[in-house]
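Input: a single structure, listed below in structure tokens.
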Amino acid sequence: MNQYTPMPGAPEELDRSLPPEHYRSMIDHLTLLGQENAFIQEGGTVSESFIPDFE
């Protein structure tokens, strides 16, 4: 979930986006396992503009 954007008030463990090196590590692991059908997103998909206005 490269696009994960923390919501205001999220618990501490969820109050950060996924570091690029962790995402790259997951892609490398999928490749190592031989996964051929995976959706991989480019960087820059994290933005507060993706958070719906729930008010």
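For region 23-55, give me the residue count where each residue is modelled with pLDDT of 80 or more, surrounded by 10 or more Cβ atoms within 10 Å (Cβ to Cβ) and not hydrophobic (A, V, I, L, M, F, W, C).
Total satisfying the criteria: 7.
Is there any pair with a first residue in region 18-35 that is under 21 Å from PRO6 (Cα atoms) and a second that is open to solvent by 60 Å² or more (accessible area, probe 1.4 Å) and part of a helix (DSSP H, G or I) whose Cβ atoms are under 9 Å apart and which are 6 or more apart or on different chains, and what are they?
Within 9 Å, the pairs are LEU18/MET26.
The values are calculated or read from the model by the stated rules, or taken from the named source; none is laboratory data. This structure is a prediction, so every number in the text was calculated from the model and none was measured. Don't worry about glycine lacking a Cβ; one is built from the backbone with ideal geometry, like all the others, and counts go over all protein chains shown. For accessibility, only protein heavy atoms count, side chains too; no ligands or nucleic acids. Shrake-Rupley method; radii C 1.70, N 1.55, O 1.52, S 1.80 Å.
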